[in-house]
Amino acid sequence: MYADHPVHDDLPEPPPPTPDQMRMIASLARPHARSLALVAGLTLASSATTLTIPWLAGNLAGKLIEAGPLGTTRLVVLLVLAFIASAALAAVVQIVSGNTAARILADLRAKLYDHLQSLPVGWHVAHRQGDVLALMTTEVAHLGHFLTGTLIGVPPLLLTAAGAALLMLRIDASLALLVPLLIPIYVILLKLVGRRMRVLAEREQNAEAQVLALAEDNLGAISAIKGFAREDLESTRYRSRVEIARLYAVRLIRIQSIVEPVSALVASLASLGLLMMIGDHLHQGRLSGQELFSFLFYAALLTRPVGELAETWGQVQVTRGTLARMASVLATAPEPGYAVSNPMPLLRGAIHFEKVDFAYPGRSRVLRGFDLDIAAGEKIAILGDNGAGKTTIVALLLRLYDCQSGRITLDGNDITQVSVQDLRAQISVVPQRAQLLSGTVRENIAFGRHGASRAEIDEAARRADAWDFVTALPQGFDTQIGDRGVRLSGGQGQRIALARALLKDAPIVVLDEATSMYDPHGEERFVETCTRILQGKTVVIITHRPASVALADRVVRI
Ligand SMILES: Nc1ncnc2c1ncn2[C@@H]1O[C@H](COP(=O)(O)OP(=O)(O)OP(=O)(O)O)[C@@H](O)[C@H]1O
């Protein structure tokens, strides 16, 4: 998404969103068509009401000049009603449009999350987590602010400006026609600052993402930072990233702050010119007092939208990069297996790797013509040097990656031809690094099978030899285990991961260095338990430890 770079501005402008990307963003609005139609109707009513005010005020002013306050009651009442209606409609438009925009945004966030979840593991490996987090948090918030605070105000502004211009044209065409002459001045002004705003916004968002990425990395490695006494160094590194983000933010604010005042200045100068000409027309009797007032009110009505539209245009430049990034993530295809919906028959558990070639993107080949036959119910240990490709075999079996050539079958079914969710439902993996979630011990074990009963969770904990240490925790199974389970020891975390996998009760079980953190006695008990409870299941044991190898009927070396 972003590139790493030092502070400088002579970087290429972000590419504009493609029509396809814009269509995708527009598709987010489609489910809210009715609310948007309501917003459009209310906007129309609000602008129409606002536009009656200068006309009524002009009439009233004309009458006051010609005959004094007598006989103006009706006009005054109408004007007060118009004021009230205009204010009330403006409030209703804000509420309804704000609600709609917030709903669109909530949908976008959920859609973005679902989509990120569906993307291949390879995509997540290739993108910095900080960038992804920035997209889901600060960038979505930017977009939300843009939608709810800025973009939603555009239709009323445009309608009011267009209406005012038309009515001015009716009153005095020769004067009103001067207004479009200002357009080129605005276009030049906005073009001049636009490119710079886009580049700065891009740089600022990139810098923010880097701040977030470093905070995420460092807080996750807080023990290492303390252990190596790197607090000061890391603090300096963090500060320098924050400083880069600040510098871009300041530059962006500076440029953003001039757009609206400069536009308003041009509009004010133009109004002054208009006033001089009006004076001339009045003098020649081409304009009545009433028309003069209405004209001036309409001109005033026109200047505010001009300034605000310029500001909105600036915001569009700032949001362009976010839209492009959002759309490009949403356009990335989900895991290929998601498209296949053929159900996977319940497995007996025979695994067959046939001439499998695989390389991670941009890396040299890990597996070359790899063959492996595992019978249903067989226990097999896979040994090999660090980096030989043992964990990669598991990743391929789960279809986290697809092999470049060859094929993998389960009970004779090619895994690329069946639903990836069905496939994964039939394989339990106990990884080397237990991925514990923030939540209680019970929730962490229950993660293995949705809807598991308390008794089943307890049983899984007993089988995984986790019962004793879990019940000794302050709140037993209700103890919160924090982010990444930092409050549990490595071996305890592995036992929770084992309990989770046992609860899943899949026909194929993969133990990927699952006992690497067990004490020797614990490992012995693990081997005993597994021999009993994994009977009949196909078990793939990846290990460097002789005790675990003893579990296997057969050992292969890669
Ligand atoms: N997601 C990835 N992206 C790119 N390369 C990877 C990825 N995961 C692993 N590799 C590389 O693939 C090779 C095989 O890694 P793998 O984790 O399968 O080895 P292993 O046999 O399980 O090693 P160990 O015994 O150390 O756990 C290594 O060279 C590793 O650097």
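For this structure, a couple of remarks:
- Helices (runs of 4 or more DSSP H) enclosed by the range 107-160 - at least 1 residues per element that are within 12 Å of the chain's Cα centre (by Cα): 129-134, 140-145
- The range 511-529, subset assigned to a loop (DSSP other than H, G, I, E, B) and more than 36 Å from the chain's Cα centre (by Cα), residue nearest to residue 552 (Cα to Cα): 515
- Scan of the range 328-348 for residues that are among the hydrophobic types (A, V, I, L, M, F, W, C) and either more than 13 Å from residue 413 (Cα to Cα) or modelled with pLDDT of 85 or more (or both), ordered by number: 329, 330, 331, 333, 339, 340
- Just so you know, in the range 95-133 the residues that are surrounded by 13 or more Cβ atoms within 10 Å (Cβ to Cβ) and among the acidic types (Asp, Glu) include one that is farthest from the ligand (Cβ to nearest atom), and it is 107.
- Residue selected from the range 502-532 under the condition without any contact (Cβ under 8 Å) to a residue 24 or more places away in the chain and within 12 Å of residue 465 (Cα to Cα), by the criterion surrounded by the fewest Cβ atoms within 10 Å (Cβ to Cβ): 521
- Enumeration of residues in the range 533-551 that are surrounded by 22 or more Cβ atoms within 10 Å (Cβ to Cβ) and over 16 Å from residue 431 (Cα atoms): 538
- In the range 19-42, the count of residues that are at pLDDT 75 or above, among the small types (Gly, Ala, Ser), closer than 23 Å to residue 83 by Cβ and surrounded by 10 or more Cβ atoms within 10 Å (Cβ to Cβ) is one or more.
- Qualifying residue in the range 457-471 (condition: at pLDDT below 80 and part of a loop (DSSP other than H, G, I, E, B)): no
- Close pairs from the range 542-558: first without any contact (Cβ under 8 Å) to a residue 40 or more places away in the chain, partner in a strand (DSSP E or B), Cβ under 9 Å, at least 6 apart: 550/381
- Test: residue in the range 414-422 that is in contact with a Ser or Thr (Cβ under 6 Å, 6 or more places away or on another chain) and of a type in the set (Gly, Ala, Ser): yes
- Residue in the range 387-404 that is in the same structural domain as residue 506 (by TED's automatic domain parsing) and assigned to a strand (DSSP E or B) present: no
- Being touching a Ser or Thr at 6+ places or on another chain (Cβ under 6 Å) and on the phi < 0 side of the Ramachandran plot is a property that does not hold for residue 426.
- All of 468, 414 fail the test of being touching a Lys or Arg at 6+ places or on another chain (Cβ under 7 Å) and away from the ligand (no atom under 16 Å from the Cβ), apart from 414.
The rows are residues; the columns are (1) within 19 Å of residue 413 (Cα to Cα); (2) β-branched (Val, Ile, Thr); (3) touching a residue at least 24 places away in the same chain (Cβ under 8 Å); (4) away from the ligand (no atom under 13 Å from the Cβ).
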| site | (1), (2), (3), (4) |
| --- | --- |
| 352 | yes, no, yes, yes |
| 359 | no, no, yes, no |
| 363 | no, no, no, no |
| 366 | no, yes, yes, no |
| 369 | no, no, yes, yes |
| 372 | yes, no, yes, yes |
| 376 | yes, no, yes, yes |
| 384 | no, no, yes, no |
| 389 | no, no, yes, no |
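Each row is one residue, and each column tells you yes or no for (1) without any contact (Cβ under 8 Å) to a residue 40 or more places away in the chain; (2) touching a Cys at 6+ places or on another chain (Cβ under 6 Å); (3) outside the structural domain of residue 117 (by TED's automatic domain parsing); (4) not polar (S, T, N, Q).
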site: 275; (1), (2), (3), (4): yes, no, no, yes
site: 280; (1), (2), (3), (4): yes, no, no, yes
site: 297; (1), (2), (3), (4): no, no, no, yes
site: 303; (1), (2), (3), (4): yes, no, no, no
site: 339; (1), (2), (3), (4): yes, no, yes, yes
site: 344; (1), (2), (3), (4): no, no, yes, yes
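The values are calculated or read from the model by the stated rules, or taken from the named source; none is laboratory data. Note that this is a predicted model, so its numbers are computed, not measured. Backbone-built Cβ (ideal geometry, glycine too); neighbour counts: all protein chains shown.
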